[in-house]
Amino acid sequence: MIFLRTRKYIMFWLFGGLILALLRLGVNGAQTLYDVHWLPCPFVDEKVNINEEGHTETKYINREAVLQFGNVGDKSLHPTITFLVTASKVDMRRYLEGSEDTLNCEIRRYSTGGIVMRWPTAGAQDHDAWFTCTIRHTQDLFVITTFLRHTTAAPAQGEVDFLQWKTVNDRDLLTTSAAMVVLTRTPSVEVGFLKEPNLHCQFAVDHKLPNATVEWRLQKHGERSKLFSYSSRTGKSEGSGVAVKAIAAGNVSYKLPHTKKHSEGTYICSVMVPPLYGSHDIPLTLSEQPRVSINVGSTLSMTLGKDQKLICDAEEYYPLDVNIEWYREVSGGSPTPSFLKNVLYSSHRLHQDGTYSLSAFFYLQPSLEDSGYKYTCRVSHKSLLIPIRKSFYLIVTEPDSTMWYITVIGFIIAMLVILCYLLPQYLAGRKAAKKRF
């Protein structure tokens, strides 16, 4: 009886542990950090002055700090600057994935640019101070920026916020509330031609019916062009690529049309809920792997004294830079292959779709000592994790003497036929012709 009861307890705890482990996983199987209590998060402080010429000068100071999650009245867990993030309708932890050691966190002050207005939630004041907390995944899985609201003493009238920022001492605890998050799960994108990538962008605020303005812009060659815009106040949108119906749920992802060469650039997703403005830059680059081929099969048989042109083609790759090398090594591989120096290159060929092609070739006139060597063309390109290799084995033989003997014997037989058969007939015919005359 005791054994059965003990067994039930073991099964209970095993099952409970399994459930907890599943709860810690996201929908897509990635580990979440919803129950994390704190994160190391350096605070980049700013000291702003007006110089003698009337210009603003900013000095940035890196300070040790932590991001702590809890309730109003909690004490600091560490003897350093603590940003205590209290409960709100926006919890940045629900968007985090991975483990704590894969996150890079940074806190900065945020200026509203002179806009003085009360955030539309209970307890907010006109003079609230703002901070941004940006968390990046070390493997580029996501970037999330959270706007933290901190209620402080009223500033002097008429002063711009960054000129009268509250002084933060080394062990201060600042109680904050997360007001808005803006995140992307595509911090950078690399795709091929004629693809339709989805650039992820999402936001959330701590109150309903926010006065939000959403924009997508493309920046390239120092210029910005608007791709899409939407205002919740007017309900009007311009451009395409974003599902307007999804914006109310915070999804402002942008779907590109078929990618072409001019699609490259930095795509900027911005969300403005006054007085806050959050954005993420998403660089998009095109990359197409080369198709590599050589003009011979896996084995090349050549006769001594003959020569052949060997060509290695790298076709339809992007971007332009590619490296093609020919080398040879003894059969079975060699730790130090010998690179060929007599290799010539064609000019880059530009195709209509924007991809390129290049050929590398050399003329081979082998000796008998070259027989058995393995010749390899190696192509390296940005789009390849490892180079592409195409190889062939060379077999060199001496000229076949059998045909020479056959030719000589055939010539002798032909001469004998002429001498023994055709020549007497010819002489007899001449003699008969003389008798007629």
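Counting only residues that are out of contact with any strand residue (DSSP E or B) (no Cβ under 6 Å at 6 or more places or on another chain) and open to solvent by less than 70 Å² (accessible area, probe 1.4 Å), segment 218-246 holds 4 of them. When residues in segment 107-120 are screened for being under 26 Å from Leu33 (Cα atoms) and either open to solvent by less than 20 Å² (accessible area, probe 1.4 Å) or out of contact with any Phe, Trp or Tyr (no Cβ under 8 Å at 6 or more places or on another chain) (or both), 1 of them pass.
Go through Leu33, Leu67 for me and flag whichever is in contact with a helix residue (DSSP H, G or I) (Cβ under 7 Å, 6 or more places away or on another chain), at pLDDT 50 or above and open to solvent by less than 90 Å² (accessible area, probe 1.4 Å).
On the way: Leu67 fails: in contact with a helix residue (DSSP H, G or I) (Cβ under 7 Å, 6 or more places away or on another chain).
Only one candidate qualifies: Leu33.
Check whether at least one residue in segment 336-343 is touching a residue at least 60 places away in the same chain (Cβ under 8 Å), among the hydroxyl-bearing types (Ser, Thr, Tyr) and over 15 Å from Ile388 (Cβ atoms), and report yes or no. Checked segment 336-343: no residue is touching a residue at least 60 places away in the same chain (Cβ under 8 Å), among the hydroxyl-bearing types (Ser, Thr, Tyr) and over 15 Å from Ile388 (Cβ atoms). Somewhere in segment 300-322, is a residue surrounded by 14 or more Cβ atoms within 10 Å (Cβ to Cβ), modelled with pLDDT of 95 or more and in contact with a Gly (Cβ under 7 Å, 6 or more places away or on another chain)? The answer is yes; a qualifying residue exists. The residue list Arg378, Arg389 contains one member that is out of contact with any Leu (no Cβ under 7 Å at 6 or more places or on another chain), modelled with pLDDT of 95 or more, surrounded by fewer than 16 Cβ atoms within 10 Å (Cβ to Cβ) and of a type in the set (D, E, K, R), which is Arg389.
The values are calculated or read from the model by the stated rules, or taken from the named source; none is laboratory data. These numbers come from a predicted model, not from an experiment. With ideal geometry, Cβ positions are generated from the backbone for all residues, glycine too; neighbour counts draw on all protein chains shown. These accessible areas exclude ligands, DNA and RNA; they are computed on the full protein's heavy atoms, side chains included. Shrake-Rupley method; radii C 1.70, N 1.55, O 1.52, S 1.80 Å.
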